[in-house]
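Engineer: Provided herewith is a single structure, encoded as structure tokens, for subsequent inquiry.
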Amino acid sequence: MLVFFIIQNQVIMNEKRKIAFCTLGCKLNFSETSTLARKFLENDFIRVPACQIADVYVVNTCSVTENADKKCRQLLRKIIKQAPNAIIVATGCYAQLKPEELAAIEGVDIVAGADMKGNIFEYVNSISEKRKAKIFSCEINETKSFFKAFSIGDRTRSFLKVQDGCDYNCAYCTIPMARGKSRNISIEEICNEAEIIADSGVKEIIITGINTGDFGKTTGENFLDLLKNLENVEGIERYRISSIEPNLLTDEIIDFVRVSSKFLPHFHIPLQSGCDKILALMRRRYNTKFFRQRINHIFKLIPDAFTGIDVIVGFPTETDEDFNATYNFLQEINPAFLHIFPYSDRANTVTSTMKGKIANSIKTERAGKLKTLCQTLHSEFYRRNMLKTVNVLFENSVHGDMMCGFSENYIKVEIPYQKELTGKIMKVEITGIAENGNATGKLII
Ligand code: SF4
């Protein structure tokens, strides 16, 4: 077996080498993996799925929870077992935060910190056989470079990274340690990247960052000006703003989305708790009164807007009463979707040493209650949009004999498959809700 692979490697060295990528975690990681992959593909590599034998595997890790760490370790071990002679690279937040842990996994060859991401191709290309794990650029809090990134997948939508890092100090969060200080590239550079994306045929861009609304610290620009400039990029027909902190989602940004012909009425806002006591302990920069005003402003200007809300359950000291306050607050503000995260202890955070940790069983129970609430809110949102005419960008994938796409306000609509509609924006009347939860639609021609 070993001989076979060494011979195979030698043969492939003169031809194209195979590389596989695995991405865990957030949209930023996906955009960065996509950019890394392009560099390899431009340089005599061919991409294969991670389930196949490759010469090189790059795993872009996530460390947002203990469970995310576990998934990364399991994935690395699985790949190493599957292809023991391949070069294995681990990068991303877990690599940055705990490089020794990943380097200790037998078979991992390179652990690349955040500042090293842009050089992974050069390093992999310079080695042709397995070696003892080496760690690069993982010094905590030293991440300063900006790895420009955008994803190009199925030619319908692309994640464009506009900002990295975070200067906030939420008590539970490890991201500032993994990603460094808030920083960005200029509006001009970002518009240039958007033009490249437009040239590839992609119609929709999702603007992505760690603390996206904090854009502009490095260049003295601001997020609203970024949006205004992106609107002028020819070829891109739709933009969505990924998660934005409530204190940075200003009236001006909401007003701009209302009048914009390209920015869609889709807001993803982290609430984290609907209890002011817990919000203060979390060191969030708003209270429920402020958050309510944001949501009310959105619905006043854009009644059909999609609002997705992040919420953490089981934060240390969260009582039943605190959780009920969150539950009731969510019912009151009536979002379309909830992203639910059971609290997870992360090393070197303020909360890791806090007393009053909540048992896993209680976290699971609270998450379950919010999941049920989410299902109700989501179906109600779909029902409110029944018989409305929306514009749907149809995607490349086929499910049985159906194809899907998303409306401006993020309703997933399915219609019978028609190949020629892939990547097209079509007017559709929402006619019902399928068993799988998607909306069903009728094309309006
Ligand atoms: S805003 Fe808070 S939760 Fe978000 S990345 Fe920054 S520190 Fe973490």
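The values are calculated or read from the model by the stated rules, or taken from the named source; none is laboratory data. No experiment lies behind these values; they were computed from the predicted model shown. Backbone-built Cβ (ideal geometry, glycine too); neighbour counts: all protein chains shown. All accessible areas refer to the heavy atoms of the entire protein, side chains included, with ligands and DNA or RNA removed. Shrake-Rupley method; radii C 1.70, N 1.55, O 1.52, S 1.80 Å.
Engineer: Within the stretch 306-327, is even one residue buried (at least 18 other Cβ atoms within 10 Å of the Cβ), assigned to a helix (DSSP H, G or I), among the small types (Gly, Ala, Ser) and away from the ligand (no atom under 15 Å from the Cβ)?
Structural biologist: yes
Engineer: Let me ask something else about it. So which residues in the stretch 141-163 are under 17 Å from SER243 (Cα atoms), more than 16 Å from the ligand (Cβ to nearest atom) and not small (Gly, Ala, Ser), if there are any at all?
Structural biologist: Across the stretch 141-163, the qualifying residues are PHE150, ARG157, PHE159, LEU160.
Engineer: Are there any pairs with C-beta distances below 7 angstrom linking a residue in the stretch 176-199 that is closer than 15 Å to ILE152 by Cβ to a residue that is open to solvent by less than 10 Å² (accessible area, probe 1.4 Å) and part of a helix (DSSP H, G or I), with the two at least 6 apart or on different chains, and if so which?
Structural biologist: Note: pairs meeting the criteria are ALA194/LEU230.
Engineer: Please verify whether PHE256 is surrounded by fewer than 19 Cβ atoms within 10 Å (Cβ to Cβ), among the aromatic types (Phe, Trp, Tyr) and assigned by TED's automatic domain parsing to the domain that holds PRO335, treating the condition exactly as stated. If you could, list the steps in order and put the result at the bottom.
Structural biologist: Working: surrounded by fewer than 19 Cβ atoms within 10 Å (Cβ to Cβ): yes; among the aromatic types (Phe, Trp, Tyr): yes; assigned by TED's automatic domain parsing to the domain that holds PRO335: yes.
Yes: the conditions hold for PHE256.
Engineer: Further, regarding this structure: Based on what the data block shows, is LYS39 open to solvent by 20 Å² or more (accessible area, probe 1.4 Å) and under 23 Å from the mean Cα position of the chain (by Cα)?
Structural biologist: Considered against the rule, which asks whether it is open to solvent by 20 Å² or more (accessible area, probe 1.4 Å) and under 23 Å from the mean Cα position of the chain (by Cα), LYS39 comes out as yes.
Engineer: Scan (1) closer than 30 Å to ASP304 by Cα; (2) among the hydrophobic types (A, V, I, L, M, F, W, C); (3) more than 11 Å from the ligand (Cβ to nearest atom) for the single condition ILE185 breaks and write down its number.
Structural biologist: (1)
Engineer: Name the residue that is nearest to the chain's Cα centre (by Cα), counting only residues in the stretch 156-178 that are farther than 28 Å from THR317 by Cα and of a type outside the set (Gly, Ala, Ser).
Structural biologist: So, considering only residues that are farther than 28 Å from THR317 by Cα and of a type outside the set (Gly, Ala, Ser), the one nearest to the chain's Cα centre (by Cα) is PHE159.
Engineer: Given the criterion in contact with a Cys (Cβ under 8 Å, 6 or more places away or on another chain) and open to solvent by 50 Å² or more (accessible area, probe 1.4 Å), identify the matching residue among LYS424, LYS412.
Structural biologist: Unique residue meeting the criteria: LYS412.
Engineer: Could I ask something else about it? It is to be established whether one or more residues within the stretch 408-417 are assigned to a loop (DSSP other than H, G, I, E, B), in contact (Cβ under 8 Å) with a residue 12 or more places away in the chain and more than 22 Å from the chain's Cα centre (by Cα). Before the answer, list the steps.
Structural biologist: Let us first name the residues in the stretch 408-417 that are assigned to a loop (DSSP other than H, G, I, E, B), namely 408-411, 417.
Adding the requirement that they be in contact (Cβ under 8 Å) with a residue 12 or more places away in the chain leaves 408-411, 417.
Checking the rest, the ones that are also more than 22 Å from the chain's Cα centre (by Cα) come to 417.
Yes, the stretch 408-417 has at least one match.
Engineer: Now, a different point. Could you list, in sequence order, all residues of the stretch 383-399 that are under 22 Å from LYS262 (Cα atoms) and modelled with pLDDT of 95 or more?
Structural biologist: The answer is ASN385, LYS388, THR389, VAL390, ASN391, VAL392, LEU393, PHE394.
Engineer: For residues that are of a type in the set (D, E, K, R) and assigned to a strand (DSSP E or B), scanning just the stretch 427-439, find the one that is least open to solvent (accessible area, probe 1.4 Å).
Structural biologist: Selected residue: GLU429.
Engineer: Could you tell me which numbered condition ASN348 fails, if it satisfies all but one of (1) at pLDDT 95 or above; (2) on the phi > 0 side of the Ramachandran plot?
Structural biologist: (1)
Engineer: Any idea how many residues of the stretch 137-167 are charged (D, E, K, R), farther than 30 Å from SER397 by Cα and at pLDDT 70 or above?
Structural biologist: Summing the residues that are charged (D, E, K, R), farther than 30 Å from SER397 by Cα and at pLDDT 70 or above in the stretch 137-167 gives 3.
Engineer: Which members of the stretch 258-288 meet the condition of being touching a residue at least 12 places away in the same chain (Cβ under 8 Å), out of contact with any helix residue (DSSP H, G or I) (no Cβ under 8 Å at 6 or more places or on another chain) and away from the ligand (no atom under 16 Å from the Cβ)?
Structural biologist: HIS266
Engineer: Tell me which residues, restricted to the stretch 159-178, are under 21 Å from GLU221 (Cα atoms) and either open to solvent by less than 10 Å² (accessible area, probe 1.4 Å) or of a type in the set (Lys, Arg) (or both).
Structural biologist: Those that are under 21 Å from GLU221 (Cα atoms) and either open to solvent by less than 10 Å² (accessible area, probe 1.4 Å) or of a type in the set (Lys, Arg) (or both): LEU160, LYS161, VAL162, GLN163, ASP164, GLY165.
Engineer: Across the stretch 231-264, what is the total count of residues that are in contact with a strand residue (DSSP E or B) (Cβ under 7 Å, 6 or more places away or on another chain) and in a loop (DSSP other than H, G, I, E, B)?
Structural biologist: Result for the stretch 231-264: 9.
Engineer: On to the next question. Looking at the stretch 164-179, can you tell me whether even one residue there is away from the ligand (no atom under 16 Å from the Cβ), acidic (Asp, Glu) and touching a Phe, Trp or Tyr at 6+ places or on another chain (Cβ under 9 Å)?
Structural biologist: No, the stretch 164-179 contains no residue that is away from the ligand (no atom under 16 Å from the Cβ), acidic (Asp, Glu) and touching a Phe, Trp or Tyr at 6+ places or on another chain (Cβ under 9 Å).
Engineer: If I filter the stretch 47-68 for residues that are touching a Lys or Arg at 6+ places or on another chain (Cβ under 7 Å), open to solvent by less than 60 Å² (accessible area, probe 1.4 Å) and under 30 Å from ILE312 (Cα atoms), do I get at least one hit?
Structural biologist: No, that holds for no residue.
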